[in-house]
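Chemist: A single structure is presented below for examination.
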Amino acid sequence: MQLYFYIKFENVWRKSMVTVLMTVKISKGWDTWSEMAKSLEPQMNEVGAKMIWAGCNADETAIYALAEMQNPEQIKTFGERDDIVALREAAGADVSSTTPIAQIGKYFLA
């Protein structure tokens, strides 16, 4: 049984979301990966997830992303869908290297 918690935010009730910081190894650089990630926005919206922020290390061999989803397992199941895996791999993502770093409780974007 899946439980959802609702929070009131600006007079609107919505499901509480989980925010996760993760990393993935990439082989085709930031530009290729980021274009692919941007193209996934409609599919992410369909499942109620979104990417908040993403960046890469200096040599463009790993990305770090902050994503919001309904539960921690959602990003795993979404990222391992056959259609999503094909897009990620074509953009140089080593899908098997996807690693959650931490669940983020609070953050701000300056």
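Throughout, read-outs are computed from the coordinates displayed, never taken from laboratory work. Since we're looking at a predicted model, the values are computed, not measured. Quick reminder, even Gly has a Cβ in these numbers, built from the backbone with ideal geometry, and neighbours come from all protein chains shown.
Chemist: How far is helix 29-39 tilted off the main Cα axis of the chain, in degrees rounded to 10, range 0 to 90?
Modeler: 40
Chemist: Same structure, new question: Mind running the shape call on the chain? Use the C-alpha gyration tensor, a ≥ b ≥ c as the square roots of the eigenvalues: rounded below 1.5 for a/c, prolate if a/b tops b/c, oblate otherwise.
Modeler: prolate
Chemist: I've got another one for you. For the chain, the longest stretch holding no chymotrypsin sites (Phe, Trp or Tyr not before Pro) located in a DSSP loop with at most 13 other Cβ atoms within 10 Å is which?
Modeler: Looking at the chain, 6-106 is the longest stretch - no exposed chymotrypsin sites (Phe, Trp or Tyr not before Pro) with at most 13 other Cβ atoms within 10 Å.
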